[in-house]
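As structure tokens, the structure follows; a few thoughts come after it.
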Amino acid sequence: MIPRVLVIVAWFSTVCIAQIPQQTLRPAQENAPQTGSSSTPYRLSIGAYILAKAGVNTAVAKGRMTDVNINSLPDFGVSVFAPFQAGGRLGIGLDLGYATYTYINKPLTAANDDNTIVEQYSYVNIFPHLNLSGIVLGVNLGLSPRGHGKSQSGRTMPLTTDPNRTELSSDELSTLVEVRIGGNFPIWEHSTGHLNLYLMAGYALSRVYSDYKTYRYSWDDNISPSASNNPRPASLAVGLAYYFRVPLTQ
């Protein structure tokens, strides 16, 4: 009985082996994936961006109103994208640059060029984010703030209750914490790099002034200051970014 079983097993094994493609029977070294030019190297994308941006204030005192204003100075900086795997479009990014937020502040009635104020606040920004096949999502931090205001007629306007403080610094202003969502999509590609369309919408989670009572326009109808009137800018930016591909593996 046992010899007969062995004969059947041997016959079955011979038939199965005969069905296996011959190349899979070669040594493991011959079947290992080829490295070098045939594999996808891991590359970082490192470049620069420039964005035109418009903004509006989402926290306005009673008796005042806001309007959209376009920055006179574009946002700019350097940008890095690191994919999770070689050749992938999912990864993490980091932008380092200079960001400006602006909006128009004017009275609800009888507005003119002399009492319509353009407020502008600038920051050194650090923006870590996720990049999900071109969809960008993250939290931006704005450091070392500076600010000033000018009327549309060109006069320098104090933004705090101290009329002598026309140029504001981190003494009056707080660190910006802003949630951002947007897109960073290639529109032209080359073997060494790619040009991207960069879109970004932002909404501040923090308030502009460290002490809302010092902000001249936190006073409702000049009656009493309110923390809810401490400015909270929202913005929309569009521009271009160019990235060089930097291989880290061959």
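Worth pointing out:
- Other-chain or far-sequence residues with amide H under 5 Å of S210's (modelled H): L173, S174
- Segment L236-N222, length gained on full extension (0.36 nm per residue, minus Cα span): 2.0 nm
- Stretching S170 away from L94 to a fully extended chain increases their span by 25.0 nm, per 0.36 nm per residue minus the current alpha-carbon distance.
- Karplus-derived HN-Hα couplings along the range 49-55 (A = 6.51, B = -1.76, C = 1.60, θ = phi - 60°), whole Hz, x at Gly and Pro: 9, 9, 9, 8, 9, 10, x
- Distance in nm between pseudo-label sites at L137 and S210 (7 Å out along the Cβ direction from Cα): 3.4 nm
- Between the amide H of L73 and any residue lying 5 or more places away or on another chain, no distance stays under 5 Å, with hydrogens modeled in the peptide plane.
- Whichever aspartates and glutamates have a C-alpha closer than 14 Å to that of K150, once near sequence neighbours (fewer than 8 apart) are set aside: D113, D114, E119, E167
- Label-point gap, in nm, between F76 and R146 - each point 7 angstrom along Cα→Cβ: 1.4 nm
- Here the Karplus curve 6.51 cos²θ - 1.76 cosθ + 1.60, taken at θ = phi - 60°, turns the phi angles of the range 122-131 into couplings of 10, 9, 7, 10, 10, 10, x, 7, 8, 10 Hz, with x standing for Gly and Pro.
- Between I50 and V124, the distance separating the two model label sites (each 7 Å from Cα on the Cα→Cβ line) works out to 2.2 nm.
- In order along the range 140-151, phi translates into HN-Hα couplings of 9, 10, x, 10, 6, x, 9, x, 6, x, 9, 6 Hz, rounded to whole numbers, per the Karplus curve 6.51 cos²θ - 1.76 cosθ + 1.60 with θ = phi - 60° and x for Gly and Pro.
Each reported figure results from applying straightforward, stated rules to the coordinates on display, with no laboratory input. No experiment lies behind these values; they were computed from the predicted model shown. Using ideal geometry, Cβ is built from the backbone for each residue, glycine included, and neighbour counts are taken over all protein chains shown.
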